[in-house]
Amino acid sequence: MFKPKYTITNKLLSNIKYISLLVEELNNQRFPKVILMDFEKKAREVSTFASTSIEGNPLPLTEVKKILKNRPQYIRDSEREVLNYNEALEYLNELNKKDDLKISLDLILKVHKKVIDGLLPNFESGVLRKKTVVVNDPRSGKVVFLPPDYDVVNKLMSDLVEFIIQNKNTVDSLILAGIFHKQMVIIHPFMDGNGRTTRLITKILLAKMGLDTFNLFSFENYYNKNVTKYFQTVGEFGDHNELIDIIDFTAWLEYFTEGIIDELLRVKKIIPQLGYSPETKIEEYHLKLLNFIKQNGFITDRDYSKLTQRAKATRTLDFQKLMEMKLIKREGKGRSTYYVLNDK
């Protein structure tokens, strides 16, 4: 039975409360589908670049963008890593949209298979390791951690998944996601691709916390800013067999939630810039219109005329623009026409 040790410190509690506020604020914002699709694409590019870069992939962000756009026919391993990670992101994104994302060992294996496709032999792709592995310091090359023996990996992974499932209604989602992240890194269940698979599954758990802006979210970016600190905090040093009863998740959970805050603030800063093309820019009078609907449930042209000095012809254009942007929809006919928010 997996029973992680951690303490709800004031810092951790404060981070969780702040994240909840940021998530609520982001979820309350509305943007046209065409704008969000473009930003989702950019977020996947950042996630793909950051997560593969953490593992030593040398390709810069500009090159990653080119690869994802053009998908070259003949590719090197570094390019394959990028394409694989992006494909796994798209796969999880589709599952998330269908509300079909349920944590399981089978899902973890499927994600690993996508991440490592063409980079490992088939018998090691999407399969728990059957060999002993060591974790080296990326700078010195020296062994710093001995993960669990391969013959207990299946049980440890099953216990971890069971812990997440059993505690999903009693333990904060952020804490569960953080615990999963560190424990899977410690178990090191695969011959390669452990970090990338871990970060993808963590993304799933974060999506389940009610973060509707999941597709705009690239928390991997925070770790890539200081890879050394990430490895030192998420990993352990020594022999797992000797550390198993004393591993404490507290420091990692504080760092983990700090990373979530950093990324949410980045998204919050960028989102207002999404509507700055002439076709999609939201003006102050548009916001007044939308806020009126939020407060009252609907708006008529007469209501709108009281909110702004715009002439009837331009008011009609305003309604038309917001309908084209899928933000509102028209109900009724003639003098009984009114407008409501477009839930779709």
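Each reported figure results from applying straightforward, stated rules to the coordinates on display, with no laboratory input. All values derive from a computational prediction rather than experimental measurement. Heads up, the Cβs are rebuilt from the backbone with ideal geometry, glycines too, and the neighbour counts pull from every protein chain shown.
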Exercise. Where is the GNM fluctuation largest for the chain (alpha-carbon springs, 10 angstrom cutoff): Val64, Val23, Val171?
Worked result: Val171
Exercise. Where the only charges are on Cβ atoms (+1 Lys, Arg; -1 Asp, Glu), what is the dipole of segment 284-341 about its Cα centre, to the nearest 20 debye?
Worked result: 140 debye
Exercise. In degrees from 0 to 90, rounded to the nearest 10, what is the angle of the helix 173-187 Cα long axis to the longest principal axis of the chain?
Worked result: 30 degrees
For this session: Have a look at the chain and give its Rg and Dmax from the Cα atoms, expressed in angstrom.
Result: 23.4, 77
Problem set entry | Percent of Cα pairs exceeding the 15 Å cut-off, where the set is segment 284-341 | 40 percent
Exercise. Once Lys and Arg get +1 and Asp and Glu get -1 on their Cβ, which of Leu206, Ile67, Asn28 lies farthest toward the positive end of the dipole of the chain?
Worked result: Asn28
Exercise. Nearest 20 debye, what's the magnitude of the dipole of the chain about its Cα centre given +1 on Lys and Arg Cβ and -1 on Asp and Glu Cβ?
Worked result: 1660 debye
Exercise. Which of the listed residues, Leu289, Ser78, Gln166, is farthest toward the dipole's positive end in the chain, when Lys, Arg count +1 and Asp, Glu count -1 at the beta-carbon?
Worked result: Leu289
Problem set entry | 25 Å Cα-Cα threshold exceeded, pairs from Lys41/Lys98; Lys130/Lys155; Lys11/Lys97; Lys203/Lys225; Lys113/Lys229; Lys42/Lys208 | Lys11/Lys97; Lys113/Lys229
For this session: Express the relative contact order of segment 10-275 as a whole percentage, based on alpha carbon pairs under 8 Å and six or more residues apart in sequence.
Result: 28 percent
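Please go through segment 40-79 and write out the trypsin sites (Lys or Arg not before Pro) that DSSP classes as loop and that have at most 13 other C-beta atoms within 10 Å.
Numbers: sites: Lys41, Lys42, Arg44, Lys65, Lys66, Lys69, Arg76; in loops: Arg76.
Those satisfying the criteria are Arg76.
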Seminar exercise, completed: Over the chain, the sum of -39500 (n - 2.57) across DSSP H runs of at least four, divided by residue number and rounded to 500 deg cm²/dmol, gives at 222 nm -18500 deg cm²/dmol
Seminar exercise, completed: Quick P(r) readout (segment 54-139; Cα-Cα; 10 Å bins; whole %) gives 14, 39, 35, 11, 0
Exercise. Exactly which chymotrypsin sites (Phe, Trp or Tyr not before Pro) in segment 60-137 are in a DSSP loop and have at most 12 other Cβ atoms within 10 Å?
Worked result: Tyr74
